[in-house]
Amino acid sequence: MKYNLISILITNYNKSKFLYKSLTSVQSQNYKNYEIIIFDDASTDNSIKIIKKFKKIKLLKNKKKFYNSAALNQINGLKKAFLKSKGRIICLMDADDFFKKNKLLEINKYFELNK
């Protein structure tokens, strides 16, 4: 089986309460060919401190919000993260989501079986 690079794009705004568990769930995957790109949208909590505890994370930071709409800010963040991504497969993840241990392996298998 081919092991494709999977890009995990995460948008974050003041989700420090969930962020550590979320990032741990990604880094404990049994599939290791992935990159994590986090777009932080000017968080004012401890999010950046938590993100910096993890290795191999590409952090993109907004100093201030561009839009008055949370949805537009999230789309803007995903677009910027997507432009930095190198993966053949893209996973979107919110900062308060969690992955099961075999999620990336199963996604890669599916893509390999369903060209």
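Note down all Cβ pairs under 8 Å where the first residue falls in region 50-64 and is without any contact (Cβ under 8 Å) to a residue 40 or more places away in the chain, the second is aliphatic (A, V, I, L, M) and part of a loop (DSSP other than H, G, I, E, B), and they're at least six residues apart or on different chains.
K61/A42; N62/A42; K63/A42; K64/A42
If we keep just the residues of region 20-53 that are open to solvent by less than 20 Å² (accessible area, probe 1.4 Å) and of a type in the set (V, I, T), which is nearest to A95 (Cα to Cα)?
Within region 20-53, the match that is nearest to A95 (Cα to Cα) is I38.
Please find, within region 72-86, the residue that is nearest to L5 (Cα to Cα) out of those that are open to solvent by 60 Å² or more (accessible area, probe 1.4 Å) and free of Cβ contacts under 8 Å to residues at least 40 places away in the same chain.
Out of the qualifying residues, it is L83.
The values are calculated or read from the model by the stated rules, or taken from the named source; none is laboratory data. Treat the numbers as computed from the prediction; the structure is a model and nothing was measured. Cβ coordinates were reconstructed from backbone atoms using ideal geometry, including for glycine residues, and neighbour counts include every protein chain displayed. Quick note on the areas: whole protein, heavy atoms, side chains included, nothing else; ligands and nucleic acids left out. Shrake-Rupley method; radii C 1.70, N 1.55, O 1.52, S 1.80 Å.
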